[in-house]
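The values are calculated or read from the model by the stated rules, or taken from the named source; none is laboratory data. Everything numeric here is computed off the predicted structure, so don't read it as measured data. Using ideal geometry, Cβ is built from the backbone for each residue, glycine included, and neighbour counts are taken over all protein chains shown. Side chains are part of the model used for accessible areas, which takes the heavy atoms of the whole protein and leaves out ligands, DNA and RNA. Shrake-Rupley method; radii C 1.70, N 1.55, O 1.52, S 1.80 Å.
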Amino acid sequence: QVQLLESGGGSAQPGDSLRLSCASSERTFKAMGWFRQAPGKEREFVARLSWIDKSTYYLESVKGRFFISGDDARTTLYLQMNSLKPEDTAVYYCAATTGQSDWNTRDVYNFWGQGTQVTVSS
(Lines give C-alpha, C1' and ligand atoms only; values in the text may rest on other atoms or scores of the structure.)
Protein backbone atom coordinates (compact mmCIF):
# COMPACT_ATOMS: atom_id res chain seq x y z
CA GLN A 1 0.00 0.00 0.00
CA VAL A 2 1.42 3.34 -1.05
CA GLN A 3 1.86 5.83 1.75
CA LEU A 4 2.68 9.51 1.62
CA LEU A 5 3.34 11.06 5.01
CA GLU A 6 3.70 14.81 5.40
CA SER A 7 5.45 16.55 8.28
CA GLY A 8 6.82 19.97 9.14
CA GLY A 9 3.68 22.04 9.26
CA GLY A 10 2.85 24.36 12.11
CA SER A 11 2.39 27.99 13.03
CA ALA A 12 4.57 30.81 11.78
CA GLN A 13 4.62 34.57 11.68
CA PRO A 14 4.67 36.56 8.44
CA GLY A 15 8.16 36.51 7.02
CA ASP A 16 9.10 33.25 8.72
CA SER A 17 10.18 30.04 7.03
CA LEU A 18 8.95 26.47 7.30
CA ARG A 19 10.03 23.29 5.57
CA LEU A 20 7.56 20.55 4.75
CA SER A 21 8.64 16.98 4.16
CA CYS A 22 6.82 14.10 2.51
CA ALA A 23 8.02 10.55 3.01
CA SER A 24 7.01 8.14 0.27
CA SER A 25 6.86 4.37 0.47
CA GLU A 26 7.17 4.16 -3.31
CA ARG A 27 10.13 5.06 -5.53
CA THR A 28 8.63 4.71 -8.98
CA PHE A 29 6.48 7.81 -9.21
CA LYS A 30 7.05 10.02 -12.26
CA ALA A 31 6.43 13.24 -10.34
CA MET A 32 5.44 14.50 -6.93
CA GLY A 33 3.95 17.76 -5.87
CA TRP A 34 2.50 19.92 -3.17
CA PHE A 35 -1.04 21.23 -3.11
CA ARG A 36 -2.86 23.33 -0.55
CA GLN A 37 -6.41 23.96 0.51
CA ALA A 38 -7.52 26.97 2.49
CA PRO A 39 -10.86 27.00 4.33
CA GLY A 40 -13.71 27.42 1.90
CA LYS A 41 -11.48 27.20 -1.15
CA GLU A 42 -10.60 24.61 -3.74
CA ARG A 43 -7.43 22.59 -3.40
CA GLU A 44 -4.79 24.31 -5.53
CA PHE A 45 -1.50 23.33 -7.06
CA VAL A 46 1.56 24.82 -5.34
CA ALA A 47 4.65 23.16 -6.80
CA ARG A 48 5.83 19.94 -8.40
CA LEU A 49 9.04 18.09 -9.10
CA SER A 50 9.54 15.62 -11.91
CA TRP A 51 11.68 12.66 -10.91
CA ILE A 52 12.34 12.01 -14.61
CA ASP A 53 14.06 15.25 -15.57
CA LYS A 54 14.16 17.06 -12.19
CA SER A 55 12.14 19.92 -13.65
CA THR A 56 10.06 22.03 -11.29
CA TYR A 57 7.02 24.23 -11.64
CA TYR A 58 5.42 26.66 -9.23
CA LEU A 59 2.21 28.51 -8.57
CA GLU A 60 2.87 32.11 -9.60
CA SER A 61 2.21 33.52 -6.14
CA VAL A 62 4.88 31.35 -4.49
CA LYS A 63 7.63 31.75 -7.08
CA GLY A 64 10.84 32.98 -5.49
CA ARG A 65 9.56 32.15 -1.99
CA PHE A 66 8.90 28.40 -2.11
CA PHE A 67 11.36 25.79 -3.34
CA ILE A 68 10.59 22.15 -4.03
CA SER A 69 13.24 19.46 -3.91
CA GLY A 70 13.70 15.74 -3.34
CA ASP A 71 16.30 13.27 -2.28
CA ASP A 72 18.20 11.07 -4.72
CA ALA A 73 16.41 7.97 -3.48
CA ARG A 74 13.08 9.50 -4.57
CA THR A 75 11.62 8.72 -1.18
CA THR A 76 11.38 12.18 0.31
CA LEU A 77 9.96 15.38 -1.12
CA TYR A 78 10.51 18.77 0.45
CA LEU A 79 8.93 22.18 0.24
CA GLN A 80 11.00 25.02 1.63
CA MET A 81 8.68 27.93 2.30
CA ASN A 82 10.28 31.32 2.89
CA SER A 83 8.82 34.78 3.44
CA LEU A 84 5.54 33.25 4.51
CA LYS A 85 2.39 35.33 4.19
CA PRO A 86 -1.00 35.00 5.89
CA GLU A 87 -2.47 33.96 2.54
CA ASP A 88 -0.22 30.88 2.61
CA THR A 89 -2.35 29.53 5.46
CA ALA A 90 -3.81 26.20 4.37
CA VAL A 91 -3.62 22.47 4.73
CA TYR A 92 -0.73 21.35 2.55
CA TYR A 93 -0.94 18.01 0.79
CA CYS A 94 1.78 15.91 -0.74
CA ALA A 95 0.76 14.11 -3.93
CA ALA A 96 2.35 11.68 -6.35
CA THR A 97 1.60 10.47 -9.83
CA THR A 98 2.42 7.57 -12.08
CA GLY A 99 1.30 9.62 -15.07
CA GLN A 100 3.70 10.47 -17.85
CA SER A 101 2.71 14.10 -18.34
CA ASP A 102 0.47 16.99 -17.28
CA TRP A 103 2.18 17.10 -13.91
CA ASN A 104 0.99 20.63 -13.28
CA THR A 105 -2.63 19.56 -13.07
CA ARG A 106 -4.35 18.20 -10.01
CA ASP A 107 -6.24 15.42 -11.79
CA VAL A 108 -3.10 13.52 -12.81
CA TYR A 109 -2.10 12.88 -9.19
CA ASN A 110 -3.40 9.54 -8.02
CA PHE A 111 -1.84 9.26 -4.56
CA TRP A 112 -2.32 11.75 -1.73
CA GLY A 113 -1.10 12.29 1.80
CA GLN A 114 -3.32 13.24 4.71
CA GLY A 115 -2.14 16.83 4.80
CA THR A 116 -0.35 19.08 7.27
CA GLN A 117 -1.63 22.40 8.55
CA VAL A 118 0.34 25.59 7.97
CA THR A 119 -0.90 28.71 9.74
CA VAL A 120 0.71 32.09 9.17
CA SER A 121 -0.43 34.90 11.41
CA SER A 122 0.94 37.67 13.57
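From a point 7 Å beyond the Cα of LYS30 in the direction of its Cβ, which residues of the stretch 52-84 have a backbone N at a distance under 16 Å?
52-57
So what is the accessible area of the chain per residue, in Å², with the probe set to 1.4 Å?
Averaged over the residues of the chain, the accessible area is 52 Å².
Can you pull out the GluC sites (Glu not before Pro) in the stretch 1-106 whose DSSP state is coil and whose Cβ has at most 16 other Cβ atoms within 10 Å?
Listed in order of number, the matching sites are GLU26, GLU42.
Restricting to Cα pairs below 8 Å that are 6+ residues apart, what does the relative contact order work out to for the chain? Please round to a whole percent.
Answer for the chain is 35 percent.
Please report the antiparallel percentage of DSSP beta bridges with both residues in the chain, rounded to the nearest 5.
90 percent
Determine, for the chain, the count of lysine pairs separated by eight or more sequence positions (or lying on different chains) whose alpha-carbon distance falls under 18 Å.
Qualifying lysine pairs in the chain: 4.
Within the chain, what whole-number % of the accessible surface is contributed by carbon and sulfur, with the 1.4 Å probe and all protein chains included in the calculation?
Exposed carbon and sulfur together represent 44 percent of the surface.
Given labels modelled 7 Å from the Cα in the Cβ direction, how far is it in nm from GLN80 to ARG43?
Output for this residue pair reads 2.7 nm.
Write down, largest first, the equivalent ellipsoid semi-axes of the stretch 72-122 in whole Å, where each equals the square root of 5 times an eigenvalue of the alpha-carbon gyration tensor.
25, 13, 11
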